[in-house]
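Data first, discussion second: the structure below is written as C-alpha coordinates.
The values are calculated or read from the model by the stated rules, or taken from the named source; none is laboratory data. Treat the numbers as computed from the prediction; the structure is a model and nothing was measured. Reconstructed Cβ throughout: ideal geometry from the backbone, glycine too, with neighbour counts over all protein chains shown.
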2 protein chains.
Amino acid sequence: MTASVFDSQLCAAVYKTAHAFTAAYRRLLEPHGLTYPQYLVLLALWESKSLTVKQLGAKVDLDSGTLSPLLNRLETAGHVMKSRSTADARVVEVTLTVCGQRLHDELREVPQQIAGCAGVSRAQAKTLLDELHALTESLRQAN
Amino acid sequence: MTASVFDSQLCAAVYKTAHAFTAAYRRLLEPHGLTYPQYLVLLALWESKSLTVKQLGAKVDLDSGTLSPLLNRLETAGHVMKSRSTADARVVEVTLTVCGQRLHDELREVPQQIAGCAGVSRAQAKTLLDELHALTESLRQAN
DNA sequence: CCGAACTAGATTGTGCACAACTAAGTTGTG
DNA sequence: CACAACTTAGTTGTGCACAATCTAGTTCGG
(Lines give C-alpha, C1' and ligand atoms only; values in the text may rest on other atoms or scores of the structure.)
Protein backbone atom coordinates (compact mmCIF):
# COMPACT_ATOMS: atom_id res chain seq x y z
CA MET A 1 0.00 0.00 0.00
CA THR A 2 1.64 3.26 -1.09
CA ALA A 3 1.28 6.49 0.83
CA SER A 4 -0.81 7.88 -2.00
CA VAL A 5 -3.39 5.14 -1.87
CA PHE A 6 -3.38 5.04 1.93
CA ASP A 7 -4.61 8.54 2.55
CA SER A 8 -7.01 8.83 -0.31
CA GLN A 9 -8.58 5.58 0.81
CA LEU A 10 -9.05 6.93 4.30
CA CYS A 11 -10.74 10.10 3.11
CA ALA A 12 -12.75 8.24 0.50
CA ALA A 13 -13.81 5.68 3.11
CA VAL A 14 -15.09 8.40 5.44
CA TYR A 15 -16.81 10.01 2.48
CA LYS A 16 -18.56 6.78 1.49
CA THR A 17 -19.60 5.95 5.03
CA ALA A 18 -21.16 9.38 5.33
CA HIS A 19 -23.12 8.79 2.11
CA ALA A 20 -24.20 5.33 3.25
CA PHE A 21 -25.43 6.82 6.53
CA THR A 22 -27.44 9.57 4.90
CA ALA A 23 -28.88 7.04 2.45
CA ALA A 24 -30.07 4.94 5.39
CA TYR A 25 -31.61 8.01 7.01
CA ARG A 26 -33.15 9.07 3.72
CA ARG A 27 -35.12 5.85 3.49
CA LEU A 28 -36.60 6.52 6.92
CA LEU A 29 -37.04 10.30 6.67
CA GLU A 30 -38.26 10.76 3.10
CA PRO A 31 -41.76 9.44 3.86
CA HIS A 32 -42.01 12.34 6.32
CA GLY A 33 -40.65 14.83 3.80
CA LEU A 34 -37.44 15.37 5.74
CA THR A 35 -33.76 15.31 4.82
CA TYR A 36 -30.98 14.30 7.21
CA PRO A 37 -29.79 17.86 7.92
CA GLN A 38 -33.38 18.90 8.57
CA TYR A 39 -33.70 15.96 10.96
CA LEU A 40 -30.57 17.12 12.79
CA VAL A 41 -32.08 20.57 13.25
CA LEU A 42 -35.30 19.06 14.56
CA LEU A 43 -33.32 16.85 16.96
CA ALA A 44 -31.76 19.98 18.40
CA LEU A 45 -35.16 21.66 18.73
CA TRP A 46 -36.79 18.61 20.31
CA GLU A 47 -34.24 19.00 23.08
CA SER A 48 -34.68 22.73 23.58
CA LYS A 49 -38.06 23.81 22.19
CA SER A 50 -36.63 27.14 21.05
CA LEU A 51 -33.19 28.18 19.81
CA THR A 52 -31.72 31.12 17.95
CA VAL A 53 -30.35 30.57 14.46
CA LYS A 54 -26.85 31.00 15.83
CA GLN A 55 -27.37 28.45 18.60
CA LEU A 56 -28.77 26.00 16.07
CA GLY A 57 -25.79 26.55 13.81
CA ALA A 58 -23.41 25.81 16.67
CA LYS A 59 -25.27 22.63 17.60
CA VAL A 60 -25.51 21.09 14.16
CA ASP A 61 -22.34 22.67 12.78
CA LEU A 62 -23.89 24.58 9.89
CA ASP A 63 -23.44 28.21 8.89
CA SER A 64 -26.18 30.68 8.06
CA GLY A 65 -25.72 30.13 4.34
CA THR A 66 -26.90 26.55 4.77
CA LEU A 67 -29.21 27.08 7.71
CA SER A 68 -31.30 30.01 6.44
CA PRO A 69 -32.79 28.26 3.42
CA LEU A 70 -33.09 25.00 5.38
CA LEU A 71 -35.12 26.77 8.07
CA ASN A 72 -37.26 28.41 5.41
CA ARG A 73 -38.12 24.96 4.08
CA LEU A 74 -38.94 23.68 7.57
CA GLU A 75 -41.11 26.76 8.07
CA THR A 76 -42.90 26.27 4.75
CA ALA A 77 -43.50 22.65 5.70
CA GLY A 78 -45.08 23.89 8.92
CA HIS A 79 -42.61 22.29 11.32
CA VAL A 80 -41.07 25.46 12.79
CA MET A 81 -41.82 29.15 13.24
CA LYS A 82 -39.36 32.04 13.19
CA SER A 83 -39.68 35.28 15.13
CA ARG A 84 -37.44 38.26 15.77
CA SER A 85 -36.28 38.60 19.34
CA THR A 86 -37.73 41.66 21.05
CA ALA A 87 -34.63 42.00 23.22
CA ASP A 88 -32.22 42.00 20.26
CA ALA A 89 -33.72 42.57 16.84
CA ARG A 90 -30.77 40.89 15.11
CA VAL A 91 -31.66 37.56 16.68
CA VAL A 92 -34.20 35.16 15.18
CA GLU A 93 -35.79 32.61 17.47
CA VAL A 94 -36.73 29.28 15.90
CA THR A 95 -39.60 27.47 17.60
CA LEU A 96 -41.33 24.16 16.97
CA THR A 97 -44.94 24.23 15.85
CA VAL A 98 -47.41 21.65 17.12
CA CYS A 99 -46.83 19.82 13.87
CA GLY A 100 -43.08 19.85 14.45
CA GLN A 101 -43.53 18.50 17.98
CA ARG A 102 -45.71 15.70 16.66
CA LEU A 103 -42.88 14.61 14.36
CA HIS A 104 -40.88 13.78 17.47
CA ASP A 105 -43.28 10.94 18.20
CA GLU A 106 -43.58 9.82 14.61
CA LEU A 107 -39.81 9.52 14.31
CA ARG A 108 -39.18 8.00 17.71
CA GLU A 109 -38.16 4.68 16.15
CA VAL A 110 -35.56 6.14 13.79
CA PRO A 111 -32.52 5.95 16.10
CA GLN A 112 -33.00 2.26 16.86
CA GLN A 113 -33.66 1.50 13.19
CA ILE A 114 -30.45 3.24 12.16
CA ALA A 115 -28.51 1.51 14.90
CA GLY A 116 -29.86 -1.76 13.53
CA CYS A 117 -28.74 -0.90 10.00
CA ALA A 118 -25.29 0.09 11.24
CA GLY A 119 -24.92 -3.21 13.00
CA VAL A 120 -22.23 -2.13 15.42
CA SER A 121 -22.17 -2.74 19.15
CA ARG A 122 -22.23 0.09 21.64
CA ALA A 123 -18.55 -0.56 22.40
CA GLN A 124 -17.53 -0.52 18.73
CA ALA A 125 -19.44 2.70 18.24
CA LYS A 126 -17.64 4.29 21.17
CA THR A 127 -14.23 3.33 19.80
CA LEU A 128 -15.12 4.59 16.35
CA LEU A 129 -16.47 7.83 17.77
CA ASP A 130 -13.27 8.51 19.66
CA GLU A 131 -11.13 7.81 16.61
CA LEU A 132 -13.28 10.02 14.41
CA HIS A 133 -13.24 12.86 16.92
CA ALA A 134 -9.46 12.70 17.15
CA LEU A 135 -9.15 12.63 13.38
CA THR A 136 -11.53 15.55 12.95
CA GLU A 137 -9.64 17.56 15.55
CA SER A 138 -6.29 16.89 13.87
CA LEU A 139 -7.66 17.94 10.49
CA ARG A 140 -9.24 21.10 11.87
CA GLN A 141 -6.16 22.18 13.77
CA ALA A 142 -3.95 21.61 10.75
CA ASN A 143 -6.21 23.92 8.77
CA MET B 1 -25.85 8.14 26.87
CA THR B 2 -29.26 7.37 25.44
CA ALA B 3 -29.79 5.31 22.32
CA SER B 4 -31.00 8.43 20.53
CA VAL B 5 -27.86 10.39 21.16
CA PHE B 6 -25.60 7.40 20.53
CA ASP B 7 -26.55 6.78 16.93
CA SER B 8 -26.95 10.36 15.85
CA GLN B 9 -23.54 11.08 17.26
CA LEU B 10 -22.00 8.30 15.22
CA CYS B 11 -23.56 9.53 11.99
CA ALA B 12 -22.84 13.14 12.83
CA ALA B 13 -19.24 12.27 13.68
CA VAL B 14 -18.72 10.58 10.31
CA TYR B 15 -20.39 13.55 8.70
CA LYS B 16 -18.11 16.05 10.40
CA THR B 17 -14.97 14.06 9.71
CA ALA B 18 -15.89 13.98 6.03
CA HIS B 19 -16.30 17.77 6.05
CA ALA B 20 -13.02 18.25 7.88
CA PHE B 21 -11.27 16.07 5.32
CA THR B 22 -12.68 17.93 2.33
CA ALA B 23 -11.80 21.22 4.00
CA ALA B 24 -8.19 20.05 4.32
CA TYR B 25 -8.17 19.01 0.67
CA ARG B 26 -9.80 22.26 -0.34
CA ARG B 27 -6.93 24.27 1.06
CA LEU B 28 -4.49 22.27 -1.07
CA LEU B 29 -6.60 21.91 -4.21
CA GLU B 30 -8.23 25.33 -4.53
CA PRO B 31 -5.02 27.03 -5.71
CA HIS B 32 -5.16 24.62 -8.64
CA GLY B 33 -8.85 25.30 -9.27
CA LEU B 34 -9.88 21.80 -8.23
CA THR B 35 -12.48 20.41 -5.82
CA TYR B 36 -12.09 17.15 -3.94
CA PRO B 37 -14.47 15.14 -6.17
CA GLN B 38 -12.64 16.49 -9.22
CA TYR B 39 -9.35 15.40 -7.63
CA LEU B 40 -10.79 11.90 -7.11
CA VAL B 41 -11.69 11.69 -10.80
CA LEU B 42 -8.20 12.82 -11.77
CA LEU B 43 -6.67 10.24 -9.40
CA ALA B 44 -8.57 7.56 -11.28
CA LEU B 45 -7.43 8.90 -14.64
CA TRP B 46 -3.80 9.24 -13.56
CA GLU B 47 -3.92 5.48 -12.98
CA SER B 48 -5.55 4.57 -16.25
CA LYS B 49 -5.04 7.39 -18.78
CA SER B 50 -8.47 6.76 -20.32
CA LEU B 51 -11.76 5.55 -18.86
CA THR B 52 -15.39 5.56 -19.90
CA VAL B 53 -17.84 7.65 -17.89
CA LYS B 54 -19.33 4.46 -16.50
CA GLN B 55 -15.94 3.10 -15.42
CA LEU B 56 -15.14 6.40 -13.75
CA GLY B 57 -18.47 6.36 -11.97
CA ALA B 58 -17.76 2.89 -10.62
CA LYS B 59 -14.28 3.88 -9.42
CA VAL B 60 -15.23 7.06 -7.59
CA ASP B 61 -18.77 5.99 -6.68
CA LEU B 62 -20.65 8.78 -8.46
CA ASP B 63 -23.61 8.55 -10.82
CA SER B 64 -23.93 10.28 -14.17
CA GLY B 65 -26.03 13.05 -12.68
CA THR B 66 -23.02 14.14 -10.65
CA LEU B 67 -20.32 13.05 -13.04
CA SER B 68 -21.57 14.66 -16.25
CA PRO B 69 -21.41 18.27 -15.09
CA LEU B 70 -18.21 17.57 -13.13
CA LEU B 71 -16.54 16.25 -16.29
CA ASN B 72 -17.81 19.25 -18.23
CA ARG B 73 -16.05 21.52 -15.75
CA LEU B 74 -12.84 19.49 -15.98
CA GLU B 75 -13.11 19.70 -19.77
CA THR B 76 -13.70 23.47 -19.71
CA ALA B 77 -10.69 23.81 -17.42
CA GLY B 78 -8.67 21.92 -20.02
CA HIS B 79 -7.79 18.92 -17.85
CA VAL B 80 -9.67 16.22 -19.77
CA MET B 81 -11.15 15.53 -23.20
CA LYS B 82 -14.29 13.55 -24.01
CA SER B 83 -14.88 11.53 -27.17
CA ARG B 84 -17.57 9.13 -28.35
CA SER B 85 -16.39 5.57 -28.72
CA THR B 86 -16.40 4.41 -32.36
CA ALA B 87 -17.14 0.84 -31.30
CA ASP B 88 -20.23 1.81 -29.28
CA ALA B 89 -21.63 5.28 -29.84
CA ARG B 90 -23.32 5.29 -26.43
CA VAL B 91 -19.97 5.22 -24.67
CA VAL B 92 -17.95 8.36 -23.91
CA GLU B 93 -14.22 8.00 -23.33
CA VAL B 94 -12.63 10.46 -20.92
CA THR B 95 -8.93 11.14 -21.54
CA LEU B 96 -6.35 13.32 -19.81
CA THR B 97 -4.99 16.29 -21.73
CA VAL B 98 -1.32 17.24 -21.43
CA CYS B 99 -2.44 19.85 -18.93
CA GLY B 100 -4.27 17.21 -16.92
CA GLN B 101 -1.21 14.97 -16.88
CA ARG B 102 0.92 17.86 -15.68
CA LEU B 103 -1.37 18.27 -12.67
CA HIS B 104 -0.25 14.83 -11.53
CA ASP B 105 3.20 16.23 -10.87
CA GLU B 106 1.97 19.50 -9.39
CA LEU B 107 -0.18 17.63 -6.87
CA ARG B 108 2.31 14.89 -6.07
CA GLU B 109 2.77 16.26 -2.53
CA VAL B 110 -0.92 16.32 -1.65
CA PRO B 111 -1.23 12.79 -0.21
CA GLN B 112 1.65 13.25 2.23
CA GLN B 113 0.36 16.68 3.22
CA ILE B 114 -3.08 15.28 3.97
CA ALA B 115 -1.60 12.37 5.87
CA GLY B 116 0.30 14.94 7.93
CA CYS B 117 -2.88 16.89 8.68
CA ALA B 118 -4.73 13.73 9.65
CA GLY B 119 -1.98 12.86 12.09
CA VAL B 120 -2.76 9.17 12.34
CA SER B 121 -0.28 6.35 12.10
CA ARG B 122 -0.41 3.81 9.32
CA ALA B 123 -1.70 1.22 11.77
CA GLN B 124 -4.45 3.51 13.11
CA ALA B 125 -5.49 4.30 9.58
CA LYS B 126 -5.74 0.61 8.74
CA THR B 127 -7.94 -0.08 11.77
CA LEU B 128 -10.16 2.88 10.99
CA LEU B 129 -10.43 1.85 7.35
CA ASP B 130 -11.58 -1.64 8.28
CA GLU B 131 -14.16 -0.33 10.71
CA LEU B 132 -15.49 2.17 8.19
CA HIS B 133 -15.68 -0.45 5.45
CA ALA B 134 -17.61 -2.79 7.72
CA LEU B 135 -19.95 0.01 8.75
CA THR B 136 -20.53 1.10 5.16
CA GLU B 137 -21.26 -2.46 4.12
CA SER B 138 -23.77 -2.96 6.93
CA LEU B 139 -25.55 0.26 6.04
CA ARG B 140 -25.69 -0.58 2.34
CA GLN B 141 -26.97 -4.08 2.86
CA ALA B 142 -29.65 -2.89 5.22
CA ASN B 143 -30.88 -0.52 2.51
C1' DC C 1 -35.65 -7.79 -40.01
C1' DC C 2 -38.52 -5.58 -36.47
C1' DG C 3 -39.73 -4.14 -32.14
C1' DA C 4 -39.14 -4.71 -27.07
C1' DA C 5 -35.82 -4.58 -23.52
C1' DC C 6 -31.79 -2.84 -22.12
C1' DT C 7 -27.67 0.34 -21.67
C1' DA C 8 -24.81 4.77 -21.57
C1' DG C 9 -24.86 9.21 -20.78
C1' DA C 10 -27.08 13.69 -20.25
C1' DT C 11 -30.63 16.63 -18.22
C1' DT C 12 -33.79 18.49 -14.71
C1' DG C 13 -35.11 19.70 -10.22
C1' DT C 14 -34.42 19.83 -5.20
C1' DG C 15 -31.46 20.27 -1.43
C1' DC C 16 -26.94 20.73 1.06
C1' DA C 17 -21.92 22.96 1.63
C1' DC C 18 -19.48 26.90 1.74
C1' DA C 19 -17.13 31.27 0.55
C1' DA C 20 -18.05 36.00 -0.09
C1' DC C 21 -20.86 39.65 0.58
C1' DT C 22 -24.81 42.54 2.32
C1' DA C 23 -28.16 44.57 5.54
C1' DA C 24 -29.69 45.65 9.86
C1' DG C 25 -28.98 46.09 14.60
C1' DT C 26 -26.01 46.56 18.80
C1' DT C 27 -22.10 48.01 21.58
C1' DG C 28 -18.24 50.41 23.11
C1' DT C 29 -15.19 54.47 23.00
C1' DG C 30 -13.86 59.07 22.43
C1' DC D 1 -23.98 61.68 21.46
C1' DA D 2 -21.50 60.01 17.22
C1' DC D 3 -19.40 56.68 14.91
C1' DA D 4 -16.49 52.75 14.20
C1' DA D 5 -16.31 47.91 15.18
C1' DC D 6 -18.73 44.05 15.75
C1' DT D 7 -22.69 40.68 15.56
C1' DT D 8 -26.71 38.22 13.56
C1' DA D 9 -29.13 36.69 9.62
C1' DG D 10 -29.84 36.55 5.06
C1' DT D 11 -28.35 36.48 0.06
C1' DT D 12 -25.62 35.14 -3.99
C1' DG D 13 -22.99 32.13 -6.70
C1' DT D 14 -20.57 27.76 -7.50
C1' DG D 15 -20.30 22.99 -7.00
C1' DC D 16 -21.71 18.28 -5.27
C1' DA D 17 -25.53 14.45 -4.26
C1' DC D 18 -29.17 12.11 -5.99
C1' DA D 19 -33.80 10.77 -7.76
C1' DA D 20 -36.38 10.87 -11.88
C1' DT D 21 -36.63 11.31 -16.56
C1' DC D 22 -35.02 11.56 -21.35
C1' DT D 23 -32.42 10.48 -25.63
C1' DA D 24 -29.80 7.82 -28.44
C1' DG D 25 -27.77 3.62 -29.39
C1' DT D 26 -27.39 -1.51 -28.91
C1' DT D 27 -28.98 -6.24 -28.39
C1' DC D 28 -31.87 -9.99 -28.53
C1' DG D 29 -36.17 -12.77 -29.35
C1' DG D 30 -39.55 -13.99 -32.56
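Could you tell me whether the range B:34-51 includes any residue that is near DNA strand C (Cβ under 9 Å from one of its atoms), surrounded by 13 or more Cβ atoms within 10 Å (Cβ to Cβ) and more than 10 Å from chain A (Cβ to nearest Cβ)?
The answer is yes, given that some residue of the range B:34-51 is near DNA strand C (Cβ under 9 Å from one of its atoms), surrounded by 13 or more Cβ atoms within 10 Å (Cβ to Cβ) and more than 10 Å from chain A (Cβ to nearest Cβ).
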Kindly provide the set of residues from the range B:57-87 that are near DNA strand C (Cβ under 8 Å from one of its atoms) and outside any helix (DSSP H, G or I), ordered by number.
B:D63, B:K82, B:S85
Count of residues meeting criterion [surrounded by fewer than 18 Cβ atoms within 10 Å (Cβ to Cβ), in a helix (DSSP H, G or I) and within 8 Å of chain B (Cβ to nearest Cβ)] in the range A:88-133
7
What single numbered condition from (1) of a type in the set (A, V, I, L, M, F, W, C); (2) at pLDDT below 95; (3) touching a Lys or Arg at 6+ places or on another chain (Cβ under 9 Å) fails to hold for A:V53?
(2)
Quick check, is B:A44 in contact with a Leu (Cβ under 8 Å, 6 or more places away or on another chain) and more than 14 Å from DNA strand D (Cβ to nearest atom)?
no
